1. Taking ALA109 and the conditions (1) under 21 Å from ILE14 (Cβ atoms); (2) modelled with pLDDT under 95; (3) small (Gly, Ala, Ser), which numbered condition does it fall short on, given that it satisfies the others?
2. Among the residues of segment 87-106, count how many are at pLDDT 90 or above and under 12 Å from TRP43 (Cα atoms).
3. Considering only segment 51-90, state which residues are touching a residue at least 12 places away in the same chain (Cβ under 8 Å), in contact with a Leu (Cβ under 9 Å, 6 or more places away or on another chain) and farther than 14 Å from ILE107 by Cα.
4. Considering only segment 1-63, give the helices (runs of 4 or more DSSP H) lying wholly within it that have at least 3 residues that are crowded, with 19+ Cβ neighbours inside 10 Å and at pLDDT 90 or above.
5. Within segment 93-104, is even one residue acidic (Asp, Glu) and without any contact (Cβ under 8 Å) to a residue 40 or more places away in the chain?
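The values are calculated or read from the model by the stated rules, or taken from the named source; none is laboratory data. Note that the structure is predicted; figures quoted are calculated from it, not measured. Here the Cβ positions follow ideal geometry from the backbone for every residue, glycine too, while neighbour counts run over all protein chains shown.
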Amino acid sequence: MADFLICPAIALGIVIGIVEFGFVHADEPGGIGFGHAFHALPWAIAAVFISMNIPFVLGLLKINVAENFTLDLLIRVGIAVASMIKIQMAAAIGRGVGEKIPHTIMIGALIFAAPYLWDFVLKGLIGGFLPC
């Protein structure tokens, strides 16, 4: 059965939330306050947490991820698209100036790729330093 990932999901979610905050700060004239940072961080952490724990949930439902890799990818695509829609809506409502589309796509791609970045790159580099 797949592992339930807490610390890696939170760590990657914080990094992606900070990247999103930087993009919004660069895209909106006059900069923004910390309100959007507090808005971006929880969503990024939640989206990455869900994305990284799909194999665990599918294992609980007795669905073999190796046999249903397409389902795994489709769920991650759905999470990434929902995140991109949320980013565009929040930026447009906040000040009436939206975040640039390439920035939104990069955040969605990071949320989609977070489990793979962890497994293939970061786990060996920083996995031992995380408390859980």
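1. Looking at each condition in turn, ALA109 falls short on (2).
2. Of the residues in that region, 0 qualify.
3. Across segment 51-90, the qualifying residues are MET52, ASN53, ILE54, PHE56, LEU58, VAL65, LEU71, ASP72, ILE75.
4. Filter on segment 1-63 gives 7-27, 34-52.
5. So far as segment 93-104 goes, no, none of its residues is acidic (Asp, Glu) and without any contact (Cβ under 8 Å) to a residue 40 or more places away in the chain.
Matching residues to (1) in contact with a Ser or Thr (Cβ under 7 Å, 6 or more places away or on another chain); (2) part of a helix (DSSP H, G or I); (3) surrounded by 11 or more Cβ atoms within 10 Å (Cβ to Cβ):
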{"position": "GLU67", "(1), (2), (3)": "no, no, no"}
{"position": "ASP72", "(1), (2), (3)": "no, yes, yes"}
{"position": "ARG76", "(1), (2), (3)": "yes, yes, yes"}
{"position": "TRP118", "(1), (2), (3)": "no, yes, yes"}
{"position": "PRO131", "(1), (2), (3)": "no, no, no"}
